[in-house]
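Report on the structure given below.
Just so it is clear, none of the values below were taken in a lab; they were calculated from the coordinates. All of these numbers come straight from a predicted model, not from anything done at the bench. Cβ atoms come from the backbone with ideal geometry, glycine included; neighbour counts cover every protein chain shown.
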Amino acid sequence: MIERVRAVLVTADDTMLVIRRTKPGIPVYWVLPGGGVEPGDESREAALHREIHEEIAGKADIARLLHTTESDDERQLFYLARIETWSFEDRTGPEFSAAGRGEYALEEVPLTVEGIDGIDLKPEEIAHVLRGAIGAGTLGDEAITL
């Protein structure tokens, strides 16, 4: 089974970082930063740190596992994390230079129900989880104090 790790990266301004994906012939959608767990990764959290460094040249403080989705062939683990600095211009992930992968653009979105409703965040299940957590108040500062 393929494992992927992704992060809800909360900024000091209480926004979250998302990647806008633009591919020919497909409606624009957004994903959370992250990617596949590789055999050399010491842990899922180590894989997430590596992916955040590759994708946005950032360093995050992981607070906790937020949600897990699973299908027959893939498991995705979504973590809640705080991030202070990043540089999309300094990204190093191999996907950014691969032909035919489309465009990647880093954006900050308000960590509100309205902010999430304003984008097509994939998978929809994590968008639903985030809406619920925001409504319940479990994504505020007290939830991600490290």
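Computed quantities for the displayed model
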{"quantity": "Region 1-44 versus region 68-90: alpha-carbon centroid distance in Å", "calculated": "4"}
{"quantity": "Antiparallel content of DSSP bridges confined to the chain, in %, to 5", "calculated": "75"}
{"quantity": "Zone residues, region 1-15, relative to LYS59, backbone N less than 18 Å from point 7 Å out along Cα-to-Cβ", "calculated": "9-12"}
{"quantity": "Counted charge near THR15, where neighbours are those whose Cβ lies closer than 10 Å (Asp, Glu -1; Lys, Arg +1)", "calculated": "-4"}
{"quantity": "Hz values of 3J(HN,Hα) by residue in region 44-59 - Karplus curve (6.51, -1.76, 1.60), Gly and Pro given as x", "calculated": "5, 5, 5, 4, 5, 4, 4, 4, 4, 5, 5, 7, 9, 6, x, 10"}
{"quantity": "Cα Rg, Dmax, region 1-105, angstrom units", "calculated": "13.6, 38"}
{"quantity": "Spacing of the two label points (7 Å from each Cα toward its C-beta) at ASP120 and THR15, in nm", "calculated": "2.2"}
{"quantity": "Mean Cβ neighbour count within 10 Å, used as a protection proxy, ranking 44-53, 83-92 highest first", "calculated": "44-53, 83-92"}
{"quantity": "Computed over region 53-135: relative contact order in percent, which uses C-alpha pairs under 8 Å that are six or more apart", "calculated": "27"}
{"quantity": "Value of [θ]222 nm, deg cm²/dmol, for the chain, DSSP H segments ≥ 4, -39500 (n - 2.57) each, nearest 500", "calculated": "-6500 deg cm²/dmol"}
